[in-house]
Amino acid sequence: MPQFGSSTVIPARVRLIMLDCFDTLVEHQDWTYLARRGVVEFLAHFSKKRNVALVVVSDAEESAIVAALDQAKLSGYFGRIYHAGNASQDLGHGRRRKRLDIPLVDLGIAAADALFIGDSPADAESARFHSIPFIRVPRSEDRAFTFASLITGPSCYNSGDFSAAMMKYYLGDDKPPAKPT
């Protein structure tokens, strides 16, 4: 199965970058949301120098996203925030999928000219489902990672190392059998 998440270079054709919020843009430390390392430089570069539209797409509640972005001083970089109330699909069994198609329609941008950056198997699956190129960023497993490395790419973090087994498990292809009752 081809790996979504293998790209660590953002092509010049990209006109829209969609970013997950929690553990992607912001991290929680000592009861405070902080911008991830290199995020400010990344957002400034793509919004100002490359004139790329930046939006947040999260399956969290809008108020939580706004509060986290405000606390991390990132609010001014995003034209729109897509959240549980306007861009999340219930898949049942506690699973949700981010509706990456909604920002594409709203902004009139083709999937090939967009990119989604996230940190989880659910993010990768949303990108795969909507045929949007995906870059996976590490959570805390790689403290050396900086978003600034994605400005010129390739980053020192190879998002292609994203585990195929984890994706297979998330999609339900490799769930352990249920215990008999």
Candidates 115, 69, 91, filtered to the one that is in contact (Cβ under 8 Å) with a residue 40 or more places away in the chain, in a strand (DSSP E or B) and not aromatic (Phe, Trp, Tyr): 115
Any idea which residue in segment 42-66 is farthest from residue 106 (Cα to Cα), counting only those that are over 17 Å from the mean Cα position of the chain (by Cα), among the charged types (D, E, K, R) and not in a loop (DSSP other than H, G, I, E, B)? 49
Among (1) of a type in the set (D, E, K, R); (2) over 14 Å from the mean Cα position of the chain (by Cα); (3) under 26 Å from residue 32 (Cβ atoms), there is one condition residue 119 misses while meeting the rest; what is its number? (2)
Kindly establish whether residue 139 is in contact with a strand residue (DSSP E or B) (Cβ under 6 Å, 6 or more places away or on another chain) and either among the basic types (Lys, Arg) or more than 25 Å from residue 50 (Cα to Cα) (or both). no
Run down 77, 33 and say which single residue is surrounded by 19 or more Cβ atoms within 10 Å (Cβ to Cβ), closer than 19 Å to residue 146 by Cα and in contact with a Leu (Cβ under 6 Å, 6 or more places away or on another chain). 77
Taking segment 94-103 and keeping only residues that are surrounded by fewer than 20 Cβ atoms within 10 Å (Cβ to Cβ) and assigned to a loop (DSSP other than H, G, I, E, B), one is left with 94, 99
By residue number, the members of segment 121-155 that are among the aliphatic types (A, V, I, L, M) and not in a loop (DSSP other than H, G, I, E, B) are 122, 124, 127, 135, 150, 151
So if I check each of 144, 68, which one is modelled with pLDDT under 90 and of a type in the set (A, V, I, L, M)? 144
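A quick yes/no check of all residues on (1) of a type in the set (Lys, Arg); (2) modelled with pLDDT of 85 or more; (3) under 14 Å from residue 98 (Cβ atoms):
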| position | (1), (2), (3) |
| --- | --- |
| 118 | no, yes, yes |
| 124 | no, yes, yes |
| 128 | yes, yes, yes |
| 157 | no, no, no |
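Within segment 72-88, restricting attention to residues that are part of a loop (DSSP other than H, G, I, E, B) and small (Gly, Ala, Ser), which residue is modelled with the lowest pLDDT?
Across segment 72-88, the extreme among qualifying residues is 79.
The values are calculated or read from the model by the stated rules, or taken from the named source; none is laboratory data. Worth saying up front: this structure is predicted, and the values here are computed from it rather than measured. In this analysis, Cβ positions are derived from the backbone assuming ideal geometry, glycine residues included, and neighbour counts consider all displayed protein chains.
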